[in-house]
1. Rounded to the nearest 0.05, what FRET efficiency is calculated for Glu203 and Glu156 with R0 set to 25 Å and r the Cβ-Cβ distance?
2. Taking 7 Å along the Cα-to-C-beta vector as the label spot, tell me the Ser229-Lys57 distance in nanometres, rounded to one decimal.
3. Show which lysines lie in cross-link reach of Lys219 when reach means a straight Cα distance below 21 angstrom and same-chain residues fewer than eight apart are skipped.
4. Roughly what % of Cα-Cα distances in the chain sit above 34 Å, to the whole percent?
5. Over the chain, what is the mean sequence separation of C-alpha contacts under 8 Å (at least six apart), divided by residue count, expressed as relative contact order in percent?
6. Within 10 Å, count the other beta carbons around each residue, average over each peptide in 137-146, 88-97, 263-272, and list them highest first.
7. Can you order the peptides 56-62, 103-109 by their average number of other Cβ atoms within 10 Å per residue, highest first?
8. For helix 267-294, report the angle its Cα long axis makes with the longest principal axis of the Cα atoms of the chain; keep it between 0 and 90° and round to the nearest 10°.
Amino acid sequence: MKRVVSGIKPSGDLTLGNYLGAMKRWAENQHKDGYENFFFVANLHAITVKQDAGQLKKRTYDIIAWLLTVGVDPNRSVIFIQSMIPAHSEICWILNNFVTMGELGKMTQFKDKSAKAGREGQLAGLFDYPVLMAGDVLLYDADEIPVGIDQVQHVELSRVIAQRFNNAYGETFKLPKAVLSEKTSKIMSLNDPFKKMSKSGTEDSYIALDENPEKIIKKFKRAVTDSDSIIRFGEDKPAISNLLTILSEFTEKSVDDLVREYEGIGYGQFKKDTGEIVAEKLSGLQQKYTEIRSDEDRLKNIIKEGNSNATTLANEKVSIIKDKLGLI
Ligand code: AMP
């Protein structure tokens, strides 16, 4: 049996990138034989950036409701909230002593943020967040971590930390592997195909999962395109390739079929069709979401059960680690 662990931060609007790169993949993964799935709301990660308390709480439930909406099933997966399992914070502190400042300073995400806003003023939590992430997956002996390409480096660091602990104290942790979904590992911004679609981008650059249909259609109409007017997939066509990936995900047609279908058709029509199809499919999901989100008692029960399953495993692991370290 292989165990899959992955999380999502409640730090802003959920985007089409979160859906296609993570949540949709998680739902699909539940139907593969031989897998146990653990999905969580990474709210401790969210506070590396200042959050409004009320919003953070609301978004935590929103994410659980979205996971259920896209087909993550509490009977097939363990769904839990990171902050409700103290073992996550505990293991982070312990693992901090198995990683160097040098290793953390090399993380691209930290370097990017420091380059923009300076290193000195960065919060220690932001610097340390890959260690919390290592703990998130090592606690559960995860085999596979389905992630977007931006997280691969952090999974690699988790392996380094795990190996270092194992070398010092004997076999304790499994070494997790990052698993990328080739097509959707990076859904790009609609107005800059060299940037990842992200909730921290400008309004026009991303589609939020709860966006209204007119706005979705408008944003796709405005999406940037590439030179020439041929609808084709390739490195030299980053904007059109991104739109083809999105359309393919929403139509269940292959990119090759779509390219054939759009031969001789201009960008305008292609973007209009893509916007309309995404809007239609998302509005179906939104209706389902509204119903699921309205039953907060059910959401709380699902969280309670998931937390309880996760806590059992996490506490077992922490107790093994503490014993090895001589912590009583
Ligand atoms: P985050 O919003 O950073 O918590 O990300 C949650 C998950 O969504 C992670 O697995 C990310 O890699 C994935 N993700 C976020 N944005 C994108 C994107 N634009 N394309 C593909 N995956 C994404």
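The values are calculated or read from the model by the stated rules, or taken from the named source; none is laboratory data. All of these numbers come straight from a predicted model, not from anything done at the bench. Cβ coordinates were reconstructed from backbone atoms using ideal geometry, including for glycine residues, and neighbour counts include every protein chain displayed. Just the protein is used for accessible areas: all its heavy atoms, side chains included, with ligands, DNA and RNA removed. Shrake-Rupley method; radii C 1.70, N 1.55, O 1.52, S 1.80 Å.
1. 0.15
2. 5.5 nm
3. Lys186, Lys195, Lys196, Lys199, Lys237, Lys271, Lys272, Lys281
4. In whole percent, the share of Cα-Cα pairs in the chain beyond 34 Å is 27.
5. 22 percent
6. 137-146, 88-97, 263-272
7. 56-62, 103-109
8. 50 degrees
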